[in-house]
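Report on one structure; see the data block that follows.
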Amino acid sequence: MELDSALTIPPTPPRNLFPLTWVNLSGNLILAYQSLGVVYGDLSTSPLYVYTSTLIGNLEDHQNEEAIFGACSLIFWTLTLIPLCKYVFILLAADDNGEGGTFALYSLLCRHANFSLLPNQQASDEELSAYRYGPSTHSNVSLLKRFLEKQKRPRTGLLIVVLFGSSMVIGDGVLTSAIAVMSSLPGLQYSGKKLTKGALLLLACVILISLFALQHIGTHKVAFMFAPIVMLWLISIFCVGLYNIIHWNPKVVSAIYPYYIIKFFRETGRDGWISLGGILLSITGTEAMYADLGHFTAVSIRLAFVFAIYPCLVVQYMGQAAFLSRNLHSIPNSFFESIPDPVFWPIFVVATLSAVVGSQATITATFSVIKQCQALGCFPRVKIVHTSKHIYGQIYIPEINWMLMILTLSITIGFQDTTLIGNAYGLATATLMFITTFLVALVITFVWQKSIWISGMFLLFFGIIEGAYLSAALMKVPQGGWVPLVLSFIFMMIMYIWHYGMRLKYNFDMHNKVPLQWLLGLGPSLGIVRVPGIGLIYTELATGIPAIFSHFVTNLPAFHKVLVFICVKSVPVPYVSSDERFVVGRVCPRPYRMYRCIVRYGYKDIQRDDGDFENQLIQSLAEFIHMEAGEPEFCSSEGSFDGRMMVTRLSSIQSGSTIIATEIEDCSESSSVQSSKSSALLSLRSVYDDENPPVRKQHIRFHLPANRIMDSAIQEELMDLIVAKEAGFAYIMGHSYVKARRSSSCFKKFVIDVGYTFLRKNCRGPSVDLNIPHINLIEVGMIYYV
């Protein structure tokens, strides 16, 4: 499966979950401070609209002190049970090598059980260190695991659930920006300067357009502003909340008792149940605690929430409740009217800036989700630009950015009401949390290998709580709740259609491989002229010879002396180390000079466009030839060969002396030759720009060591490889068209001939996605009837 491109920076290794000790306490405190602006921008701005969304509508006939205290109690226990108990103490431990999010949970399940339906993820994965795990210690877990692995429908259902959750994240990014900006502006109505509703709408649209227009410069250029803004915001809402508690109604502290919840539902009945959709808005943004885990450590996120976010939010919500209990007429704009007049304007400015910060976090999270979906073959290829040379997660996707802007403006102009937008936002949040709970329950069983009863209790406890909120949010589908459902359905259909088409194309290749006997019958010359150079044949098959290769042989008058079948493979792990990236083997016996190389990338790895891939490929091929000679069980004579593949570790290559590498600078830039480096296999220096790949590329010239004695056949093969490298590379790809068979159903014809074809024509081409030079590209057309 092709990976995303336009990546210009080296990957940052994942950070593990370090224990909290005095040695690393200072580092975790710094990360906790930084997480305020990236993780908690959305969650910390929830007080702007929670009480308004909860108490307006169904509860208009129950607006009294008891109802307000009941709503405050519900908010307190919601913050305590879901963000604190579920996310801080449980979910942050379910990381995927330091990464979090819906796809991180899915990748854990795919590795520890064969739940994946994604093609091209089966070969050689067991050699990855991230795949090594112990056998299950529970017999009931093993039986359930084997049952689910054999059934395709449960695995298909699991993929649909994951895609639906990812689609909800995208919808969340649209709604967050709309509700955050819209909620921060009504304070102007109560500041002495009356503005019309149209003026407020126009101002909101200007802020939103400016927000999306600035995305291309990268969040790293304004990141230093995020944490101070949120910190100032937290201090402000804490002080205002504490003032309101003391000044208006100190008895609000007793609202922490669950008795007020029982009394709330006893008095409000069904209306109170529906109002849970507004209470749910108090925990919007909680999912970012887990989704942004890769940027920080679990300890730092826990510290920030327990000692900063949680107490400030609790005090603020209690302060608003105390104010509203004495000022019921202020419910439509509860937050801004509860601010004392002397500090209104400073807090209004901070609130607006904090809302923008919260919107930025969800937009970036949407970019990350799209990147993960694309890497795992579930989203069409789009341009991905890394805007920071230090933080891999700071990315920019132009197509998605402008699409989000159009959708956000449409929601803002169409609804013009934070209550309706809040209904949609609450449904997206509740659905995403329920899906996360379900996936974590599976992780507890199949990854942590705990008893089914433990995962069942976890699912039952949090499922009942989140199910109650979800049921209340579903009741508001006619009042704006339909928006995330429609958005999620559209994005999920795009993801599933793309995945379905790619899977059918892959299955076609699997069932139409070129027979090896036919290839061997052509002889080492393949029946055509073999010219100097290296031909890189890109294929999605990790085993066998693709059917399109026969089109190459029959349509091209000559072929390169060295042929390498390249399979770029995305595996369900965040990162693949350089020592495990290349898996090399032979396609035919040694005289054919035909190899296979599987290049493995994690869904957060970065494929650089610095010319280093070709040099590492030559190094890996040379090391494979050397390793193969030392393995007696390998048979690579002219008559037969084993066909096994080896993982070539670049770190061990550098300590050997298979071939010598000399570094020279690109002659088109400068004729001066840089200092030579005669190490075993050279680790290249790379020059990176913030947004664009480097113009100047470093070239490597290889030669054999003069003082090393080796077998003549190995020496000849290495020399052929070096000479072919000096002659240059050609990149050979199939330009495929996928069409449904005539006997297919009308639905399948529509999905493949219309849906998949439309997506394929309007996404990035595979050659662009893989950074293949257009001048060296050879394409051969082929129609796939699936």
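Provide the FRET efficiency to the nearest 0.05 for the Arg266-Asp753 pair, computing r from the beta carbons and using R0 = 60 Å.
FRET efficiency, Arg266 to Asp753: 0.55.
Taking the Cα centre of segment 34-124 as origin, work out the dipole magnitude from +1 charges on Lys and Arg Cβ and -1 charges on Asp and Glu Cβ, in debye rounded to 20.
Details: 2 positive and 8 negative charges, 93 e Å.
The dipole of segment 34-124 has a size of about 440 debye.
Would you be so kind as to identify which of Leu48, Asn97, Asn58 lies farthest towards the positive end of the dipole of segment 32-99, taking Lys and Arg as +1 and Asp and Glu as -1 on Cβ and the Cα centre as origin?
Most positive-ward Cα: Asn97.
Rounded to the nearest 0.05, what FRET efficiency do Trp453 and His216 have when you use their Cβ-Cβ distance and R0 = 45 Å?
0.35
Using the heavy atoms of the protein chains and a 1.4 angstrom probe, tell me the accessible area per residue for segment 492-600 in square angstrom.
So segment 492-600 comes to 30 Å² accessible per residue, rounded to a whole number.
Counting only protein heavy atoms, what percent of the accessible surface of segment 223-304 is carbon or sulfur at a 1.4 Å probe?
Details: 2390 of 3200 Å².
With neighbouring chains kept in place, the figure for segment 223-304 is 75 percent.
Output ³J(HN,Hα) for segment 771-786: one whole-Hz value per residue in order, computed from phi by the Karplus curve 6.51 cos²θ - 1.76 cosθ + 1.60 with θ = phi - 60°, and x for Gly and Pro.
Karplus-based 3J(HN,Hα) across segment 771-786 equals 6, 8, x, 5, 5, 9, 9, 10, 10, 10, x, 7, 9, 9, 9, 10 Hz.
Which is farthest toward the positive dipole end of segment 287-432 among Cys378, Pro332, Gln416, measuring Cα position about the Cα centre, with Cβ charges +1 (Lys, Arg) and -1 (Asp, Glu)?
Final value for the positive-end residue is Cys378.
Take the residue pairs Lys450/Lys505; Lys371/Lys749; Lys145/Lys761; Lys450/Lys513; Lys383/Lys476 and return only those whose Cα atoms are more than 32 Å apart.
Lys450/Lys505; Lys145/Lys761; Lys450/Lys513; Lys383/Lys476
Say the dipole of segment 711-786 comes from +1 at the beta carbon of Lys and Arg and -1 at that of Asp and Glu; which of Met782, Ala713, Ala727 then lies farthest toward its positive end?
It is Met782.
With labels modelled as points extended 7 Å from the Cα through the Cβ direction, what inter-label distance (nm, one decimal) is found for Trp345 paired with Met403?
Inter-label distance under the simple model: 4.3 nm.
Can you figure out the FRET efficiency of Lys197 with Ile256, using R₀ = 45 Å and their beta-carbon distance, to the nearest 0.05?
It comes to 0.75.
Modelled label-to-label distance, Gln715 and Asn555, 7 Å Cα→beta-carbon offset: nm?
With each label point 7 Å from Cα toward Cβ, the separation is 4.2 nm.
Mind checking the full-extension length gain between Ile90 and Ile160? Use 0.36 nm per residue of separation minus the Cα-Cα distance, one decimal, nm. Show your work: numbers first, answer last.
Working: separation 70, 0.36 × 70 = 25.20 nm, distance 2.44 nm.
The Ile90-Ile160 span can extend by a further 22.8 nm.
The values are calculated or read from the model by the stated rules, or taken from the named source; none is laboratory data. The shown structure was predicted, so the numbers you read here are calculated from the model rather than taken from an experiment. Quick reminder, even Gly has a Cβ in these numbers, built from the backbone with ideal geometry, and neighbours come from all protein chains shown. In case anyone asks, the SASA skips ligands and DNA or RNA and just uses the protein heavy atoms, side chains included. Shrake-Rupley method; radii C 1.70, N 1.55, O 1.52, S 1.80 Å.
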